[in-house]
Amino acid sequence: MPAYKRVLLKLSGEVLAGKERVGIDPDKISAMAQEIAELHATGLQLGLVVGGGNFFRGVSAAAQTMDRVAADQMGMLATVINGIALQDALEKKGVQTRVMTAVTMNQVAEPYIRRRAVRHLEKGRAVIFVGGTSNPYFSTDTAAVLRALEINAEVMAKATRVDGVYDKDPMVHSDAVMFRTVTYSDVLAKTLRVLDLPAVAMSRDNKLKIVVFNLNVRGNIMRMAMGETIGTLIHA
């Protein structure tokens, strides 16, 4: 049985792209959907937030010459593309799924309404939240924490390309040390960049537990939901 009743799973856009890290890899998204479907079959109520970095990142070097608001809006639209792709992959695995967007586009996805989102979860549907917060200057990390709080999720699980939270970038430094547990205050004080700092501060202020784990290890999504000790737990 899952350790939680309701979880918000945060996926970066890059994980949908596979090795190329650009666009959507059909095999990668199908494999991910299979793992999510297995988790959903346990009865866990599941919300998801997906980033857009495989198409466009508003804070990337390529966007530095653009107006920040325009760049962030492009990033929000990229999350919608990813959300629709993930919905299609999940429904092919038999998971009823709804895409809810903070940026209104009625022909494409439902507008985000908190009560409706909670009702979808209660009816056993997976809900994918896209469009960020609809506001520039806020990351999808912050959007994930916000949605987790709004739907009363017990944990926000961030799936990444590394095993957890490290003292420095493990992709660059071979001597990086991973934390099994770390407090919100330490993440903020040490500027550990696994999540955007506003997202960590919001989690701290509302006592939302965060688990950071490696999505590239098959079965880790289920292990996280079952309460196994994987990755890094960020807590009070």
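The values are calculated or read from the model by the stated rules, or taken from the named source; none is laboratory data. Note that the structure is a prediction, hence the values are computed from the model and not measured. Cβ: placed from backbone, ideal geometry, glycine included. Neighbour counts: every protein chain shown.
Some points to look at:
- Checked against the criteria, Val69 counts as under 20 Å from Ala199 (Cα atoms), surrounded by fewer than 21 Cβ atoms within 10 Å (Cβ to Cβ) and among the aliphatic types (A, V, I, L, M).
- From the options Ala71, Ala78, residue that is in contact with a helix residue (DSSP H, G or I) (Cβ under 6 Å, 6 or more places away or on another chain) and of a type in the set (A, V, I, L, M, F, W, C): Ala71
- Filtering region 92-109 to residues that are under 19 Å from the mean Cα position of the chain (by Cα) and not in a loop (DSSP other than H, G, I, E, B) leaves Thr97, Arg98, Val99, Met100, Thr101.
- Residue in region 118-126 that is touching a Ser or Thr at 6+ places or on another chain (Cβ under 8 Å) and modelled with pLDDT of 95 or more present: yes
- All positions within region 115-162 that are charged (D, E, K, R) and either without any contact (Cβ under 8 Å) to a residue 12 or more places away in the chain or out of contact with any strand residue (DSSP E or B) (no Cβ under 8 Å at 6 or more places or on another chain) (or both): Arg115, Arg119, Lys123, Glu150
- Considered as a group, the residues in region 182-209 that are among the β-branched types (Val, Ile, Thr) and closer than 18 Å to Pro170 by Cβ include one that is modelled with the lowest pLDDT, and that residue is Val194.
- Residue check for Ala109: exposed (fewer than 14 other Cβ atoms within 10 Å of the Cβ) and either without any contact (Cβ under 8 Å) to a residue 40 or more places away in the chain or more than 26 Å from Glu150 (Cα to Cα) (or both): no
- Cβ-Cβ under 9 Å pairs, at least 6 apart or on other chains, region 1-30 side over 18 Å from Ile128 (Cα atoms) and without any contact (Cβ under 8 Å) to a residue 24 or more places away in the chain, far side loosely packed, with under 13 Cβ neighbours inside 10 Å and among the acidic types (Asp, Glu): Gly18/Asp27
- Candidate set from region 185-213 (those that are among the small types (Gly, Ala, Ser) and surrounded by 21 or more Cβ atoms within 10 Å (Cβ to Cβ)); member that is nearest to the chain's Cα centre (by Cα): Ala199
- For region 134-184, the candidate set comprises residues that are hydroxyl-bearing (Ser, Thr, Tyr), assigned to a loop (DSSP other than H, G, I, E, B) and at negative phi; within that set, the residue that is farthest from the chain's Cα centre (by Cα) is Ser174.
- Among the residues of region 160-177, at least one is modelled with pLDDT under 95 and touching a Ser or Thr at 6+ places or on another chain (Cβ under 6 Å).
- When residues in region 180-229 are screened for being free of Cβ contacts under 8 Å to residues at least 12 places away in the same chain and over 26 Å from Ile29 (Cβ atoms), 5 of them pass.
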